[in-house]
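One structure is given below, encoded as structure tokens.
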Amino acid sequence: MHNLAYYIFLRKQIPILIGLSLGPGLAYVILGYLHGIYKPALLWYLLIIFFSLWSLRVYKNFKAGEMSSLQIKKWYRELSFLYYGFFGIWLLIFFLYIGESSSNLHYIAIYTEIGSSVVAAAMLMTDKKLFLPVLSSLMTPLAIYFLLIGELYGYILSVFSLTLLGVLIYSCFSGSALFKKVVEQASHDMLTGLFNRQYFTEFFQMMLNSLKESSKFSYLLLMDLDHFKIINDTLGHDIGDKLLKKVSERIIENIPGGDIAARLGGDEFVVTGSEFSDLEKCRESAKDIADTISGSLKEVYVIDNHHLYISVSIGISIIHTPTHPSMDIIKQADIAMYEVKAKGRDGSYIFDNEMLKRTERHLSIEMKIYNAIKNNDIFIKFQPQFNRDKKISGLEVLARWEDPQWGKISPSEFVPIAEQTGLIMEMGNQILESAFQSFREFHDQGIYIQKFSINISRRQILSIGFYEDTMKMMKKYLTPELILRIRLEITESTVMHDLDRVLEIMSLFQKAGITFSMDDFGTGYSSLAYLKKLPIDEIKIDKQFVKELMNNPRDREMLKTITEMASIFNLSTIAEGVENEEQFNFLLDINCDQFQGYYFSKPVYAEEIKKYSPSDFVQK
Ligand code: C2E
Ligand code: CA
Ligand code: CA
């Protein structure tokens, strides 16, 4: 099938052809009338009118965005008949007037053939299925006519006619080659040779129209390379470009015949095209292709002596209701792809409605959170931490949010969203301020809290002025002695992401006497050796290990190793999520220093903390 541009070009010629036939056609009728052959001339003109009306219909029937490829094929066939017919009419007038040499009408006939041929060449040059038969059938009768004159000038004119035919055909061929090249360039991505976004959009719309007609199914794979930016930034765009080329080659090698692959820009690609009668088969194929592509892209690339590895995140949208606008289907694939990215990249998901709900909830929270921060709806609770003698040795500050409509929203849900949107800075500052305020209140009421822990997220600690602003706030509410009892909880991923900068900020706090706890320990990289480099004096064993420890010997091993290594590195340990006595006893056995969890206390309001008696706290 041709590119849409071909059809658009051919369609544009229709009004010109109508104009050139209806106008000059009248002159033939007048000439015919003057020379007594007006009846055939009139009949001939009626034919022109008939074909003009037909042409108008064909012209109108072409609706680029709404037609399926099958409909376009049908339309093209009708258009071809139309062009054959129209030029056939002009051949007819040749036969009608060529015999009328007594009234010199034969000159008109000869000129008509040459004129029509030139017009046909100009109009049909993009399509050899049209220009070859039309030009030959217009010019050959003329050459034969000259031949039949039987005189030297006739032979010469005959040869001239054939030469003209040759020239016209030659120029049509070179014109169509040029046109093809231009169209191809406009529909392909220069770098990779894959189709570009514009062609894809065109193709996809046409495909959706076909699916609507046939009630079949298809898929759309939206692919985004993982961490491509790093390669581009560290090794340069030249290598980045070469990698994109190789990636494109591998994609092409791994898609079925009926599919097309396009590059939407940057490191984003799509694959679509195959049609299925069976929905389940369609899903299976989509997943298979995604797996094959992903497997092939993961193999090593050798580019300019670099050995490169890359993975891809693929979002799949199964198209079963093609009445959806194409944008919706692309958006669905996009949602699925982001879900892959969020779950750690390198994989594929098929979009489903649960994903949509999650995304919608995510977006709503994103919008709500702004107001929540403005209205001070986010508040804090405190979860006590206990030492081996079951005395309260610390408090962890935990953020809470109760939305008037939605009720409680967990910080595990809203903190990452605030983090993504950047609202974490403002929210974090509010939390820090109320935390310091509460700490001061506890102190003023004679409650001794040895360590006061506050969670700090990645973007928060990396935000400009975080150290200065936090210190200023601390000094506003806290005595120098209290400042020394502040502990900031950060996670491994926070540190790993931007080690140097985080380290720098941590050192500043360390110099001010503030300590750090490594939160969720065991879930990430967990290299104790590298922990030594960081100014950390506590590790917080993640609740996931505590949770299963009675049933899972490997978790018990892990816990033991962590506490043993921690003591070698002189780090204190705290276990979170301690929910029962067995867990507590086991942790006691392996020399864990502190404990936090529902077994001791849930996170509570400040009032509850004040209800404890002084003897429940560790003493100074
Ligand atoms: P986290 O820092 O690991 O906090 C511990 C979480 O475990 C808290 O959930 C706490 O309520 C819960 N927990 C405590 N004891 C138990 C137990 O015995 N069993 C179980 N199953 N869970 C227990 P929460 O409050 O929902 O917080 C979730 C996460 O949200 C926190 O994980 C932390 O990463 C984040 N977060 C909470 N507050 C803040 C904050 O103020 N700032 C920042 N940046 N993040 C926060
Ligand atoms: Ca924590
Ligand atoms: Ca934790």
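The values are calculated or read from the model by the stated rules, or taken from the named source; none is laboratory data. Since this is a predicted model, take the numbers as computed values, not measurements. We place every Cβ from the backbone using ideal geometry, glycine too, and count neighbours over all the protein chains shown.
Cβ-Cβ under 8 Å, sequence separation 6+ or interchain: first residue in the stretch 571-593 and at pLDDT 95 or above and more than 16 Å from ligand 2 (Cβ to nearest atom), partner assigned to a loop (DSSP other than H, G, I, E, B) and of a type in the set (G, A, S). Which pairs?
The qualifying pairs are E579/G597; Q583/G597.
Among the candidates Q510, Q460, single out the residue that is within 16 Å of ligand 1 (Cβ to nearest atom) and either acidic (D, E) or assigned by TED's automatic domain parsing to the domain that holds F584 (or both). Give the steps one after another, and end with the answer.
Values: Q510 fails: within 16 Å of ligand 1 (Cβ to nearest atom).
Every option except Q460 fails the conditions.
State all residues of the stretch 318-357 that are among the charged types (D, E, K, R) and under 27 Å from E419 (Cβ atoms); if no residue qualifies, say none.
Taking the stretch 318-357 and keeping what is among the charged types (D, E, K, R), we get 328, 331, 334, 339, 341, 343, 345-346, 352, 354, 357.
Correct list: K331, D334, E339, K341, K343, R345, D346, D352, E354, K357.
Quick one: I303 ticks every box in (1) touching a helix residue (DSSP H, G or I) at 6+ places or on another chain (Cβ under 8 Å); (2) crowded, with 19+ Cβ neighbours inside 10 Å bar one, so which box is it?
(2) is the only condition that I303 fails.
With respect to S434, is the statement that it is small (G, A, S), within 15 Å of ligand 1 (Cβ to nearest atom) and either loosely packed, with under 15 Cβ neighbours inside 10 Å or not assigned by TED's automatic domain parsing to the domain that holds D555 (or both) true?
Working: small (G, A, S): yes; within 15 Å of ligand 1 (Cβ to nearest atom): yes; either loosely packed, with under 15 Cβ neighbours inside 10 Å or not assigned by TED's automatic domain parsing to the domain that holds D555 (or both): no.
When the stated conditions are applied, S434 does not pass them.
Hey, does the stretch 539-559 have a residue that's among the aliphatic types (A, V, I, L, M) and over 19 Å from R388 (Cβ atoms)?
As a first pass, look at the stretch 539-559 and keep what is among the aliphatic types (A, V, I, L, M): 539, 541, 546, 549-550, 558-559.
Next cut, over 19 Å from R388 (Cβ atoms) only: 550, 558.
Within the stretch 539-559 (the criterion being among the aliphatic types (A, V, I, L, M) and over 19 Å from R388 (Cβ atoms)), the answer is yes, since at least one residue qualifies.
For the stretch 233-262, what are the residues that are among the aliphatic types (A, V, I, L, M) and under 13 Å from L308 (Cα atoms)? Walk me through how you get there before you give the answer.
Narrowing the stretch 233-262 to residues among the aliphatic types (A, V, I, L, M): 235, 239, 243-244, 247, 251-252, 255, 260-262.
Once the filter is applied, which keeps residues that are among the aliphatic types (A, V, I, L, M) and under 13 Å from L308 (Cα atoms), the stretch 233-262 yields L235, I239, L243, L244, V247.
Pick from K216, K181: which is of a type in the set (D, E, K, R) and outside the structural domain of G347 (by TED's automatic domain parsing)? Spell out how you get there, then give the answer.
Working: K216 fails: outside the structural domain of G347 (by TED's automatic domain parsing).
Checking each option against the conditions leaves just K181.
Being among the aliphatic types (A, V, I, L, M) and within 23 Å of Y448 (Cβ to Cβ) is the filter here; which residues of the stretch 472-493 pass it?
Taking the stretch 472-493 as the starting set, the residues that turn out to be among the aliphatic types (A, V, I, L, M) are 473-474, 478, 482-484, 486, 488, 490.
Residues satisfying the conditions are M473, M474, L478, L482, I483, L484, I486, L488.
Take the residues in the stretch 513-551 that are loosely packed, with under 14 Cβ neighbours inside 10 Å and more than 16 Å from ligand 1 (Cβ to nearest atom), then tell me which one is modelled with the highest pLDDT.
Ranking the qualifying residues of the stretch 513-551, first place goes to G513.
With the condition kept exactly as written, say whether any residue in the stretch 511-532 is of a type in the set (K, R), under 26 Å from R388 (Cα atoms) and within 16 Å of ligand 3 (Cβ to nearest atom).
Residues of the stretch 511-532 of a type in the set (K, R): 511, 532.
Those left that are additionally under 26 Å from R388 (Cα atoms): 532.
With the extra rule that they be within 16 Å of ligand 3 (Cβ to nearest atom), the set shrinks to none.
So far as the stretch 511-532 goes, no, none of its residues is of a type in the set (K, R), under 26 Å from R388 (Cα atoms) and within 16 Å of ligand 3 (Cβ to nearest atom).
Output the qualifying pairs, or none if there are none: Cβ atoms under 8 angstrom, residues six or more apart or on different chains, first residue in the stretch 530-550 and in contact (Cβ under 8 Å) with a residue 60 or more places away in the chain, second residue away from ligand 1 (no atom under 13 Å from the Cβ) and among the acidic types (D, E).
none
Given the structure, is T479 loosely packed, with under 15 Cβ neighbours inside 10 Å, in contact (Cβ under 8 Å) with a residue 12 or more places away in the chain and more than 16 Å from ligand 2 (Cβ to nearest atom)?
Numbers: loosely packed, with under 15 Cβ neighbours inside 10 Å: yes; in contact (Cβ under 8 Å) with a residue 12 or more places away in the chain: yes; more than 16 Å from ligand 2 (Cβ to nearest atom): yes.
Spelling it out, T479 is indeed loosely packed, with under 15 Cβ neighbours inside 10 Å, in contact (Cβ under 8 Å) with a residue 12 or more places away in the chain and more than 16 Å from ligand 2 (Cβ to nearest atom).
Filter the stretch 367-413 down to residues that are in contact with a strand residue (DSSP E or B) (Cβ under 7 Å, 6 or more places away or on another chain) and farther than 24 Å from F439 by Cα and give me whichever is surrounded by the fewest Cβ atoms within 10 Å (Cβ to Cβ).
Step one: list which residues in the stretch 367-413 are in contact with a strand residue (DSSP E or B) (Cβ under 7 Å, 6 or more places away or on another chain), which gives 368, 372, 377-387, 391-403, 408-409, 411.
With farther than 24 Å from F439 by Cα added as a condition, the list becomes 368, 403, 408-409.
Working: K368: 19, D403: 16, K408: 10, I409: 20.
Applying the filter and picking the extreme gives K408.
Please state which one of G422, G428 is farther than 16 Å from F516 by Cα, modelled with pLDDT of 95 or more and small (G, A, S).
Being farther than 16 Å from F516 by Cα, modelled with pLDDT of 95 or more and small (G, A, S) holds for just one of G422, G428, which is G428.
Name the helices (runs of 4 or more DSSP H) wholly inside the stretch 175-265 in which the number of residues that are under 30 Å from A120 (Cβ atoms) and within 22 Å of the chain's Cα centre (by Cα) is 3 or more. Step through it out loud before you land on a result.
On the way: elements: 197-214, 228-235, 237-253.
The qualifying helices (runs of 4 or more DSSP H) are 197-214.
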